[in-house]
Amino acid sequence: MENILVKLDNLSFSYHTLSGETKALDKLSFEVQKGEFLAIVGPSGCGKSTILSLIAGLLTPESGGITFLSENGQKPGIGYMLQHDHLLEWRSVWKNVTLGLEISHRMTEENCSRVRKMLADYGLAAFSHKKPSELSGGMKQRAALIRTMALEPEILLLDEPFSALDYQTRLTVSADIASIIRNAGKTAILITHDLSEAISLADRVIVLTHRPAQVKAVFPIRLTLADNSLLAARKAPEYTSYFNSIWEEIADEKA
Ligand code: ADP
Ligand code: MG
């Protein structure tokens, strides 16, 4: 069923620096469905982070546009999560995850108890009063996600959020975080250079070309899972064939 939440329409953007102009995006178009978990893969420097910054409103399109089709006609709330957790070392975990609420004067009892519940649900309740340096890499990423979710965004923009984690941690944390986002019914756009991660977590994978990025291929992902765990996704019978098809598109782009 078509239920578009974000529509990118012939989006173009260039960076202007003293040394010249870099065309990052040239008439890029794609859509994101409400509640969808979309993964974007593509060569380094092709414009992936630029796409997220444009969606977040941190950059303004040179031409073309981004339309948000939320039910109330207003721009949906957007949460942005980056590779580094950017937790503040001088604040406790609790003070970090409620930072956005504090800044926006929304430290209501209701919001605080929602954040407390997330800390409990995601295994961080006992660490509320600890400093970020006392947490493992995976716990820090979960804390960064809770901080982002505290503001109840409808759309989550994830820019290689797991790439600083070691392989084992990355497997569990990425599956955890994707489940949290799915269970909360959010829409997510995940940028990753890890094809396995894209296939195991996303409903759809978009492969981009070299800069300026164009959509090279789109793969809707349907995996037969033995159980409901995203960790099992890599063992699904369809997994290898998706991996090979997406790999071919990317390898072709690298050639
Ligand atoms: P990706 O996330 O796919 O690696 P980016 O969106 O970060 O790519 O960047 C796309 C292109 O724009 C790259 O060639 C990069 O060097 C250039 N670029 C990114 N940010 C800036 C900036 N602030 N000033 C100038 N050029 C930039
Ligand atoms: Mg990037």
How long are the semi-axes of the ellipsoid equivalent to the chain, from square roots of 5 times the Cα gyration tensor eigenvalues, in whole Å, largest first? 29, 23, 18
So for region 136-255, considering every pair of alpha-carbon atoms, how many percent are separated by more than 25 Å? 25
Rounded to two decimals, what is the ratio between the C-alpha radius of gyration of region 87-152 and 2.2 N^0.38 Å? 0.98
7 Å from Cα along Cα→Cβ at both H84 and E109: what's the point-to-point distance in nm? 4.0
Region 7-59, Rg to Rh (Cα coordinates; Rh as Kirkwood inverse mean 1/r): 1.00
Sort 85-95, 5-15 for me by packing, meaning the mean count of neighbouring Cβ atoms within 10 Å per residue, highest on top. 5-15, 85-95
Which value results when the Cα radius of gyration for region 1-142 is divided by 2.2 N^0.38 Å? 1.30
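Only the coordinates and a few stated rules stand behind these numbers; no lab work does. On a predicted model such as this, the values are computed, not experimentally measured, just so you know. As a convention, Cβ positions derive from the backbone with ideal geometry for all residues, glycine included, and neighbour counts pool all protein chains shown.
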